[in-house]
1. Please specify each residue of segment 75-103 satisfying the condition of being near the ligand (Cβ under 9 Å from one of its atoms), of a type in the set (A, V, I, L, M) and open to solvent by 10 Å² or more (accessible area, probe 1.4 Å).
2. Out of all the residues in segment 1-51, which are within 26 Å of the chain's Cα centre (by Cα) and assigned to a helix (DSSP H, G or I)?
3. Please go through segment 255-282 and pick out each residue that is more than 16 Å from the ligand (Cβ to nearest atom) and more than 16 Å from Ala186 (Cα to Cα).
4. Filter segment 130-149 for residues that are open to solvent by 80 Å² or more (accessible area, probe 1.4 Å) and closer than 20 Å to Met29 by Cβ and give the result.
5. Identify all residues within segment 38-61 that are surrounded by 16 or more Cβ atoms within 10 Å (Cβ to Cβ) and of a type in the set (D, E, K, R); write none if there are none.
6. Would it be correct to say that Asp159 is of a type outside the set (A, V, I, L, M), away from the ligand (no atom under 16 Å from the Cβ) and either within 23 Å of the chain's Cα centre (by Cα) or over 22 Å from Gly118 (Cα atoms) (or both)?
7. Give the residue, chosen from Val266, Val222, that is part of a loop (DSSP other than H, G, I, E, B) and of a type in the set (Val, Ile, Thr).
8. Any chance you could count how many residues in segment 279-319 are of a type outside the set (Gly, Ala, Ser), part of a loop (DSSP other than H, G, I, E, B) and over 14 Å from Gly227 (Cα atoms)?
Amino acid sequence: MAKERVVLAYSGGLDTSCCIKWLQEKYDMDVVAVVGDVGQEHDGLEPIREKALAAGAIACEVVDMRQQFADEYLAKALAANALYENKYPLVSALSRPLISKHLVDGAHKYGAAAIAHGCTGKGNDQVRFESSILMLDPSMKILAPVREWDLKTRPEEMDWAREHGIPVPATKASPYSIDDNLWGRAIECGVLEDPWVEPPEDIYTMTTAPQAAPEEPEYVAVGFERGIPTGLNGERRGFLAVIEAMNQIAGRNGFGRIDMIENRLVGVKSRECYECPAGLALVLAHKALEDLVLEREVLHYKLSIEQSWANAVYNGQWFSPLKEALDAFCASTQRCLYGTVRLKFYKGSCTVVGRTSAYSLYDHGLATYDAGDSFDHHAAEGFIQLQTLSAKVWAENRRDQGAPAELFDAQRSAGPLS
Ligand code: ARG
């Protein structure tokens with residue numbers, strides 16, 4: 001009888017290589033590995049496929065997900081200016097649902113009833129994989145070997161790998177846990193677990209140290225169409241190409257590093273270091289264009305939508321109806337978001353220094369303090385009268401409560417109000 005099949009999210013690392021063997025041994029299943037290229041650093045994907053097969057997988061699908069990642073995932077993140085806790089552009093949180101989609105497709109293609117991932121029980125990624133998979137196929141069974149096996153330490157895991165004929169990296173493993181893609185790179189563990197310790201320079205690979213960056217500023221013009229970056233310095237480029245170029249430009253100027261304490265969904269505060277040169281620069285430029293083009297009430301309302309969007313996606317709700325509805329709001333705001341934003345990079349900083357749009361709501365006549373002023377100054381008088389009327393009635397009725405708190409408290413301690 002044919003064995004049951006399981007599709008595994010495979011990275012080529014030691015953890016997921018051990019997962020292949022472990023799933024075979026413990027569950028007596030045939031393992032199909034799926035490797036996704038989401039723009040991470042790698043030395044070729046073919047060696048990863050060979051590794052999966054050498055570890056015992058019956059098949060390995062290598063999928064180039066970069067175009068889809070840019071067009072269907074990062075474009076939506078940009079429309080939402082997505083920054084979790086106002087800082088983190090959701091690098092890992094964005095790739096998990098996309099990889100999950102391909103895992104589910106792989107499971108259907110190979111007739112697998114289960115999907116496995118190599119996440120630990122402590123992080124957000126397990127939640128993102130499992131929520132995404134279950135929202136795409138509620139009947140799917142999920143296995144999480146790393147959460148189940150009792151290989152507590154790295155040396156234990158290496159011994160287990162050796163015993164099972166899995167090649168163990170000869171070089172000393174990096175003390176960091178890394179996850180990266182087109183939108184940036186997350187670095188955790190090792191010395192970074194002490195929130196007081198400055199991140200060592202060697203954790204960064206996408207960004208030059210600001211002090212070693214060029215002495216001259218670098219200017220870049222980013223062109224947008226319907227909110228999507230499609231131009232760089234006047235040249236038309238696809239969104240994916242803009243992201244790749246921006247990672248280079250911002251990276252060589254030392255821009256995009258983040259060092260933060262982050263609240264994980266599972267209740268743990270963790271110290272996270274990121275470098276997101278393109279992600280942060282494009283969000284900055286995109287916001288600057290929205291400032292020019294979006295009507296005030298829409299712009300203000302959108303801020304709360306953006307927070308909800310970032311929370312939902314951070315928490316693994318990519319395929320949820322809430323996230324879909326928030327996307328619809330954002331998409332509606334992007335219809336007239338055409339224009340160009342000029343960024344200036346200099347030794348670790350990125351500043352917006354210019355913006356222009358055919359849909360700009362900036363009216364020079366209304367804004368200027370010089371000749372050509374078209375603003376009706378007299379209209380302000382009536383506006384202020386009515387705008388303050390309600391509070392004025394209140395202040396006249398209760399002057400003492402209208403006073404600053406410390407005065408009010410002093411009066412109250414002097415005796416009851418008569
Ligand atoms: N804390 C980040 C997040 O939850 C990064 C996770 C990175 N994952 C990893 N396996 N190192 O999105």
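The values are calculated or read from the model by the stated rules, or taken from the named source; none is laboratory data. Here the structure is a predicted model, which is why all the values come from computation and not from measurement. Don't worry about glycine lacking a Cβ; one is built from the backbone with ideal geometry, like all the others, and counts go over all protein chains shown. To get the accessible areas, we keep the full protein, side chains included, count just its heavy atoms, and leave off ligands, DNA and RNA. Shrake-Rupley method; radii C 1.70, N 1.55, O 1.52, S 1.80 Å.
1. none
2. If the condition is that a residue be within 26 Å of the chain's Cα centre (by Cα) and assigned to a helix (DSSP H, G or I), then Leu14, Asp15, Thr16, Ile48 are the ones that fit.
3. Of everything in segment 255-282, those that are more than 16 Å from the ligand (Cβ to nearest atom) and more than 16 Å from Ala186 (Cα to Cα) turn out to be Ala281, Leu282.
4. Listed by number, the residues that qualify are Ser139, Lys141, Arg147, Glu148.
5. Matches in segment 38-61: Arg49, Lys51, Glu61.
6. No.
7. It is Val266.
8. The qualifying residues number 5.
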